[in-house]
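Input: a single structure, listed below in structure tokens.
The values are calculated or read from the model by the stated rules, or taken from the named source; none is laboratory data. Only a predicted model underlies this, so the values are computations on that prediction, with no experimental measurement involved. No Cβ is skipped: glycine too gets one built from the backbone with ideal geometry, and neighbour counts run over all protein chains shown.
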């Protein structure tokens, strides 16, 4: 017992420091008095805390509270340059990279096209994309505290190899993670792209305050993120939520699913189903582009038609109704297994379908699902995977940089 006593004041100081830093992140610039009120610390203790954080480079003075009653008070804010973190969003066509300062503000972005198998080796792609964002931020690679990389599928924790993403060329050899670790000077974490979208919604969007929710993603492929008791559930091989492989009524039974890189739910409700359905309904012309681009454009047109004319009974209503049934078919299985409090619809297709699609899916679930989770469209519309990668990298970076007990 006696051995731990000398450390106690330091630990308490560090807890107060972290509480103050979190308040500054949440509220923006605050005065010493306001920090004292919010933390319950006395004025002298709050002054010591701010002096300590300022000396450590974690906090800086940012002017005064002009325009308020009484004498102007010095305001303090988290020093944005205290640390930087980076995120990558990888798909077969491109890598999006971004750098954020410790407050969460994006300070540099870069997009690297990766056209199929002719592209450079993956390690080169990753370092080029990261360096592009670092340069845009006016920083050096050594300034980045942590990097989180989001990919389709998941790196199997038992083997270190990427699974469930055979459509991502160049990412499947056994030594990839070792080679990336050797090429990058900062700690690197890898996460499934849909899980990162769920982190973005949990920290910034529609799932704030929710401990049990499912995020249903629909873009290039169908996927889900499962958050149980506030934590992501990844499964034994990282494959939890790979629901494109789910056998569902209304679609042929797909066998050898990993070879086909598809399954019944993907065939029924994936992006490739929309142009086919539109042709059957006589909708023309079919939008150009990838499956995801064409499907998003069709859903946006259908949603606009129903928004302008709620009683619309033409082919666009039938398109949305048929597609909502397809989505609800697989979603009902997820709800039966996980009984979530909330379902977040995310990805470009569901964002394009918006409120009209959400209402139709909710109506179908009333008949297909036993429990009644709240169904919402995600709030993080702009690059949710990249935002989730940054939020994940920032959370770990703050835990390290804001720990003043060391």
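The table that follows gives values for the structure above.
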| item | result |
| --- | --- |
| Residue match in region 289-301 (condition: closer than 20 Å to residue 251 by Cα and in contact with a strand residue (DSSP E or B) (Cβ under 7 Å, 6 or more places away or on another chain)) | no |
| Flag for residue 133 being assigned by TED's automatic domain parsing to the domain that holds residue 178 and either under 30 Å from residue 17 (Cα atoms) or at pLDDT 95 or above (or both) | yes |
| Subset tally (residues that are within 30 Å of residue 244 (Cβ to Cβ) and exposed (fewer than 15 other Cβ atoms within 10 Å of the Cβ)) for region 117-154 | 5 |
| Failed item in (1) crowded, with 24+ Cβ neighbours inside 10 Å; (2) touching a residue at least 40 places away in the same chain (Cβ under 8 Å), with residue 273 passing the rest | (1) |
| Selected residue [surrounded by 14 or more Cβ atoms within 10 Å (Cβ to Cβ) and in a loop (DSSP other than H, G, I, E, B)] from 282, 289, 241 | 241 |
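Every residue, every condition in (1) closer than 18 Å to residue 203 by Cβ; (2) part of a loop (DSSP other than H, G, I, E, B), yes or no:
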{"position": "357", "(1), (2)": "no, no"}
{"position": "361", "(1), (2)": "no, no"}
{"position": "365", "(1), (2)": "no, no"}
{"position": "371", "(1), (2)": "no, yes"}
{"position": "376", "(1), (2)": "yes, no"}
{"position": "399", "(1), (2)": "yes, no"}
{"position": "404", "(1), (2)": "no, yes"}
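Matching residues to (1) in contact with a strand residue (DSSP E or B) (Cβ under 8 Å, 6 or more places away or on another chain); (2) at pLDDT 95 or above:
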site: 307; (1), (2): no, no
site: 310; (1), (2): no, no
site: 314; (1), (2): no, no
site: 329; (1), (2): no, yes
site: 335; (1), (2): yes, yes
site: 344; (1), (2): yes, yes
site: 347; (1), (2): yes, yes
